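Here is the structure we will look at, set down as structure tokens.
The values are calculated or read from the model by the stated rules, or taken from the named source; none is laboratory data. As the structure is a computational prediction, the values presented were derived from the model and not from experiment. Backbone-built Cβ (ideal geometry, glycine too); neighbour counts: all protein chains shown. All accessible areas refer to the heavy atoms of the entire protein, side chains included, with ligands and DNA or RNA removed. Shrake-Rupley method; radii C 1.70, N 1.55, O 1.52, S 1.80 Å.
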Amino acid sequence: MRIQIRPTLVFGSKAIKDPAVIDLVWLSTLLKDIDQGKTLASACKKAGLSYRNVWQKVNEVEEALGFKLMERVRGHGSQLSEYAMYLIQFTEDFDEKTRRLGQTSLAHLEEGFAQFRVKSEKRWRLVSSSDPMIQKAVSEFTRYDLTTAGSGEALERLLNYEVDIAGFHVSDPQSSKIIAMRLQKEGMQIFPVMKRVQGLMINKGNPLGITRLKDLLKPHVRFINRQKSSGTRLLLDTALAKEGIDSRKIKGYEHEEFTHSAIATAILAKKADVGVGVKSIAIENGLDFIQLKDELFFLAMSDELALNKEIGKLVRRIRQLSEEAPGYKSVGLKRQIAEWI
């Protein structure tokens, strides 16, 4: 990009909406070519205009100025008038005087553009299954718009190109491989970031004596569930089916919350006795915890986005935080996920 301040002739009164305009730099270049011995035809060719078109423009300028710029001399081509020589000198002087101003203006313009680039910096839409490590990591960066949704919804929105990054978790290798194959087929990269523990969150001291999933069938036990599209809900339903437990017989099974923290809050508020969530949230809220299943948490995104250094920083930060929190473990080596992708 470059900035040029160029003198321009504008013909006609101020009231004219579309006045004729002649660039004096263009005109003086044309006149200099003629003065240096070039024919008008060759000068026209260099200017990228037809002979007729150039003469028309020159005639317009001469009519507006009231004097001739060039004369046709038989056998000698076109010769410049003293007015034309003055116009060339004026344009050269103007160009010299404004070159430094143009450079200064360009520097100011670049500074302004730099500020706008910061303001309009690309932001990435990240939709993720509820997880405190994801939320904490994203809060430390400025370029992510985080939305919490179930793993299934997050993946669906990524595949529909509604978001840039999807965070999801899977509790068994077979399901993980199916998801990975689908994502890779659509040109997506998958990054394992952590392993976490899911289980039953219950009141401190376990007053109702809950020790296993079958205890959820007790008539005095009030359960609170996660929404249908969440990975936690899928984990629970898979575990219930494996043990032959009819979910319709669980009191409160139809009552749903959208985050692990909301489940913990409901238990603390005595609205429920038990719910499924991650170990770190149970500990954070002073609840007891019964482990059910380990699962892997992944981030998925396009191949192109996966190469971005800023994305790499987020992945590393999630892994770092997961090493510091109870119930989590950082995952990044291929051998750690060999059976999952």
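By a 1.4 Å probe calculation restricted to protein chains, residue 191 has an accessible surface near 60 Å², given to the nearest 10.
Shown here: semi-axes √(5λ) of the Cα gyration tensor in Å, derived from the displayed model; of the candidates (1) 37, 22, 20; (2) 78, 20, 18; (3) 40, 22, 19, it corresponds to (2).
Remark: accessible surface ordering of 267, 290, 283 (largest first) is 283, 290, 267, probe radius 1.4 Å.
Just to confirm, what accessible area per residue do you get for the chain at 1.4 Å probe, in whole Å²? Could you put the intermediate results ahead of the total?
Numbers: 19560 Å² over 341 residues.
Here the residues of the chain average 57 Å² of exposed surface.
Could you tell me what percent of the DSSP beta bridges with both partners in the chain are antiparallel, to the nearest 5?
75 percent
Summing charges over neighbours of residue 320, with a neighbour being any other residue whose Cβ is under 13 Å away from its Cβ, gives +3 when K and R count +1 and D and E count -1. Packing around the peptides 321-332, 241-252, taken as the average count of other Cβ atoms within 10 Å per residue, puts them in this order, highest first: 321-332, 241-252. Among 202-215, 132-145, 294-307, the peptide with the highest mean count of other Cβ atoms within 10 Å heads the list, and the full ranking is 294-307, 132-145, 202-215. Scoring 152-159, 32-39 by mean Cβ neighbours within 10 Å over their residues and listing the highest first yields 152-159, 32-39. Solvent-accessible area assigned to carbon and sulfur over the chain amounts to 51 percent, based on a 1.4 Å probe.
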